[in-house]
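Notes to accompany the following structure.
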């Protein structure tokens, strides 16, 4: 499996830039580890599919932070944003 490409929105980049370097590094590592390979694989505490919401589709928990993202399966392209 080749994996997925992670594409950040400008607002997500701004959000990451506003965090402490340690937190931003933890989030970037978690996105690379979990989202680049199996972004739709749900787990009990880390990745959750959001129900009843059309945008975003999933949530990745990284410590006190959450990454909300969509998966475009036809193109293998994903956009991720933090909040």
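Just so it is clear, none of the values below were taken in a lab; they were calculated from the coordinates. Computed from a predicted structure; not experimentally measured. Here the Cβ positions follow ideal geometry from the backbone for every residue, glycine too, while neighbour counts run over all protein chains shown.
Sorted on the mean count of surrounding Cβ atoms within 10 Å across their residues, most packed first, peptides 25-35, 42-52 read 25-35, 42-52. The distance from the alpha carbon centre of the stretch 34-60 to that of the stretch 1-27 is 16 Å, rounded to a whole number. Neighbour counts of other Cβ atoms within 10 Å put 62, 67 in the fewest-to-most order 62, 67.
Over the stretch 5-82, the pair-distance histogram of Cα-Cα distances with 5 Å bins from zero comes to 3, 16, 29, 28, 16, 6, 1 percent, rounded to whole numbers.
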